[in-house]
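In what follows, a single structure is set out as structure tokens and then discussed.
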Amino acid sequence: MTEGDAILWQAEFSRAGELATTMQRGVSEVGMPQEIVVGIGPGSYTGLRVAAATAIGLSLALGCPMFGCPSVLGYDEESYWVIGDARRDSVFLATVERGELVREPELLQVEQFHLLMPKLVERSLFAVGSILGCDQLPVTVPHAIHLVQRRSAFRSNCEPLYLKEPHITQPTRR
């Protein structure tokens, strides 16, 4: 929970099921939020959906505004790239310039990224997790304090940044 650019309370959790109890602890310690800001990814499909649904529910219940913020903006630099594992031999690559997301996360095959990587030299490259074949890239996770400082990049909705269209298995016809 923040006030201006200051973080008043923060907590970490690893499972979507811990979100509600973690938030309850925050409200007990700091009080009710005046606005809701949720990370919109990229990230796990289920995690993004749970976070967005929770933010919408809280916003409606508390009558306060809600915003979405791309998680790739959580670094202490103005211009950089962010790479992350997107499963199934693919990665995402996002471009941030002057604190703004100028190119939404793009899905690439790992081999494509390996060919592109030597050209990504004029600014920092942050990896949000280990990338196959890129052991030299240190893992650097985004931090909330930097997201708070990117208020101009907040979105008025919390539509997740999906890397692929959701896949729905159709029932077999009999």
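The values are calculated or read from the model by the stated rules, or taken from the named source; none is laboratory data. Note that this is a predicted model, so its numbers are computed, not measured. Heads up, the Cβs are rebuilt from the backbone with ideal geometry, glycines too, and the neighbour counts pull from every protein chain shown.
Exactly one condition in (1) touching a strand residue (DSSP E or B) at 6+ places or on another chain (Cβ under 7 Å); (2) under 16 Å from A86 (Cβ atoms) is false for G133; which is it?
In the conditions (1) touching a strand residue (DSSP E or B) at 6+ places or on another chain (Cβ under 7 Å); (2) under 16 Å from A86 (Cβ atoms), G133 misses (1) alone.
Considering each residue of region 81-94, count those that are buried (at least 20 other Cβ atoms within 10 Å of the Cβ) and either free of Cβ contacts under 8 Å to residues at least 12 places away in the same chain or of a type outside the set (A, V, I, L, M, F, W, C) (or both), and give that number.
Within region 81-94, residues that are buried (at least 20 other Cβ atoms within 10 Å of the Cβ) and either free of Cβ contacts under 8 Å to residues at least 12 places away in the same chain or of a type outside the set (A, V, I, L, M, F, W, C) (or both) number 1.
Tell me which strands (runs of 3 or more DSSP E) are completely within region 45-135 and hold 1 or more residues being closer than 24 Å to P33 by Cβ and assigned by TED's automatic domain parsing to the domain that holds Q34, or say none if there are none. Spell out the reasoning first.
Numbers: elements: 66-69, 80-85, 90-97, 100-109, 124-127.
Ranges flagged: 66-69.
Looking at (1) touching a Leu at 6+ places or on another chain (Cβ under 8 Å); (2) at pLDDT below 90; (3) farther than 28 Å from G68 by Cα, which is the only condition L147 fails?
(3)
Determine if region 14-26 includes at least one residue that is out of contact with any Cys (no Cβ under 7 Å at 6 or more places or on another chain), outside any helix (DSSP H, G or I), within 28 Å of D85 (Cβ to Cβ) and in the same structural domain as P65 (by TED's automatic domain parsing).
Start the filter on region 14-26 by keeping residues that are out of contact with any Cys (no Cβ under 7 Å at 6 or more places or on another chain), which leaves 14-26.
With the extra rule that they be outside any helix (DSSP H, G or I), the set shrinks to 14-15.
In the following step, the residues that additionally are within 28 Å of D85 (Cβ to Cβ) were identified as 14-15.
Keeping just the survivors that are in the same structural domain as P65 (by TED's automatic domain parsing) gives 14-15.
There is at least one residue in region 14-26 that is out of contact with any Cys (no Cβ under 7 Å at 6 or more places or on another chain), outside any helix (DSSP H, G or I), within 28 Å of D85 (Cβ to Cβ) and in the same structural domain as P65 (by TED's automatic domain parsing).
Is it true that L108 is surrounded by fewer than 13 Cβ atoms within 10 Å (Cβ to Cβ), over 15 Å from S79 (Cα atoms) and either out of contact with any His (no Cβ under 7 Å at 6 or more places or on another chain) or touching a residue at least 40 places away in the same chain (Cβ under 8 Å) (or both)? Talk me through it step by step, then tell me what you get.
Numbers: surrounded by fewer than 13 Cβ atoms within 10 Å (Cβ to Cβ): no; over 15 Å from S79 (Cα atoms): yes; either out of contact with any His (no Cβ under 7 Å at 6 or more places or on another chain) or touching a residue at least 40 places away in the same chain (Cβ under 8 Å) (or both): yes.
So L108 does not fit the description; no.
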